[in-house]
Amino acid sequence: MSDFPSSKLERGTIIAKTGIKVGKNYAQRYLKNKISGKKDDGGQFHSDNAKEVFKEFTKLRGTALKIAQGMSMDQGFLPEEFAEVMSQAQYSVPPINKALVRSIIKRELGSYPEQLFAKFESEAFAAASIGQVHKAELKDGRKVAIKIQYPNVRETIGSDLAMGKTIAKRFIKKGSDIDPYFDEIKNTLLLETDYKHEGQQIDLFNERFSGLNIEIPEWVQEFSSDKVLCMTFLEGRHLGDFLKENPSQEQRNHFGQLLWDFFHEQIKGNDYIHADTHPGNFLFTKDSKLGVVDFGCVKKFPTEFFSDYLQLLPTHLSEDEEKIRRLFEKLEVLKPNSKHGDKDQEYFEFAKNYGMVFAKPYKEDVFDFGDPEYDKMIRHFTKEAPMSNEPRGNKHFIYTTKVHVGLYNILIKLKAQVDTANSKEVLREVLGDESLFV
């Protein structure tokens, strides 16, 4: 157990040294390949560099680790191997010490945990990039989860982003404008580190989904602050533990259907969307409900962008290349009148075909995410993306991609067979096109 450096100087030094080290590694590899005349595939090299970044950023925790994840996962201008390593941040962050936990609760809620709660487990049962979670029991008998934000996380967002940007610039084409992407990450992190806002989102999602087979915790405002969040404790198992039970196909289908329907119900009314579709944020309950936790990363996307994003589905189903190209240009996946020629055509073919794969489930009445051929297709496009040293796509793709790719990955791991009828009806309604899927 350890604490992390919180001063701008300490954090800046670690990030800057990491950036210099990684940049030096890439320069040496480039020189080695140039001299030998050979070009390695880079897989192990990229993975080793990602581990180096992860190791140093784990010392920092907080937004630095979140930024490292965001830089690596979504825009396609960094090597794919980074994503696999950075995903460890959901599980592998060491918790802060018990004395610091007590002092944070005292400062935020006015008393020590043993005075506030009937029971409080000093050992965190979950620890991630921004905070850690403890089990507790209120004096009225309710079991709760207490999420505690690491010290100074919110205060270091600006400096961490600035340093993260210097690292990103070592990988991308000179002159590329990455500010919009970092601004989007910053705005999301500011909300994600506001636990009162998260509590309000818990209330909102409770109101929206209380009639479905979805279980949302209740926000306990009395024991919450900007940096401490109290919510009722949900009993359930995460995806990995559920799969270890060797569930039947019927059980897999049931939970897969709940995930699929939850995703599609969210797009109604252009309201907030749970934008962190990660296995750690969902629980499979013993009474066959889908538990949804962690409402820090929620997004309300601009209407025009979200409409265009949803139009990707029918446009790909139509297989009209000219329409697909125009929509890609509108969404900044391709640049109009680009001078890159063959390079842009290669990226267009890749993005178009990837879109076709994502549209595939909607061509069936019941789609089998357990089909190994479909898994192979998804993996192919994940691994074979043409490398681009400049960012592509509207900044909002950072989180729509997180939602959509995350959903498909969970369904593939579940090997669920999903009925698509209701989701098609939702899309017809949202897009205002009754001819869709007919």
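The values are calculated or read from the model by the stated rules, or taken from the named source; none is laboratory data. Quantities reported herein were computed from a predicted structural model and do not represent experimental measurements. Cβ: placed from backbone, ideal geometry, glycine included. Neighbour counts: every protein chain shown. Protein only, heavy atoms only, side chains kept; ligands, DNA and RNA dropped before computing areas. Shrake-Rupley method; radii C 1.70, N 1.55, O 1.52, S 1.80 Å.
In table form, for the structure just shown:
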{"read-out": "Residue that is nearest to K395 (Cα to Cα) [pool: residues in the stretch 295-307 that are assigned to a helix (DSSP H, G or I) and open to solvent by less than 20 Å² (accessible area, probe 1.4 Å)]", "value": "F305"}
{"read-out": "E265 on the phi < 0 side of the Ramachandran plot, at pLDDT below 95 and out of contact with any strand residue (DSSP E or B) (no Cβ under 8 Å at 6 or more places or on another chain)", "value": "yes"}
{"read-out": "Residue list for the stretch 406-438, filter: farther than 17 Å from Q311 by Cα and either in a helix (DSSP H, G or I) or in contact with a Ser or Thr (Cβ under 6 Å, 6 or more places away or on another chain) (or both)", "value": "G406, L407, Y408, N409, I410, L411, I412, K413, L414, A421, N422"}
{"read-out": "Of residues in the stretch 388-405 being in a helix (DSSP H, G or I) and open to solvent by less than 10 Å² (accessible area, probe 1.4 Å), the one nearest to H278 (Cα to Cα)", "value": "V403"}
{"read-out": "Checking Y272 against (1) in contact with a Leu (Cβ under 8 Å, 6 or more places away or on another chain); (2) crowded, with 19+ Cβ neighbours inside 10 Å, the condition it does not meet", "value": "(2)"}
{"read-out": "The stretch 173-202: number of residues that are modelled with pLDDT under 90, in contact with a helix residue (DSSP H, G or I) (Cβ under 8 Å, 6 or more places away or on another chain) and in a loop (DSSP other than H, G, I, E, B)", "value": "1"}
{"read-out": "Residues of the stretch 181-202 that turn out to be open to solvent by 70 Å² or more (accessible area, probe 1.4 Å) and more than 30 Å from T166 (Cα to Cα), as a count", "value": "2"}
{"read-out": "Test: residue in the stretch 139-147 that is open to solvent by 20 Å² or more (accessible area, probe 1.4 Å) and touching a Ser or Thr at 6+ places or on another chain (Cβ under 8 Å)", "value": "yes"}
{"read-out": "Failed item in (1) open to solvent by 60 Å² or more (accessible area, probe 1.4 Å); (2) outside any loop (DSSP other than H, G, I, E, B), with L259 passing the rest", "value": "(1)"}
{"read-out": "Cross-chain or 6+ apart pairs with Cβ under 6 Å, the stretch 293-305 first and more than 26 Å from V133 (Cα to Cα), then in a helix (DSSP H, G or I) and of a type outside the set (G, A, S)", "value": "T303/N270"}
{"read-out": "P94 vs. criteria open to solvent by less than 60 Å² (accessible area, probe 1.4 Å) and either at pLDDT below 95 or of a type in the set (D, E) (or both)", "value": "yes"}
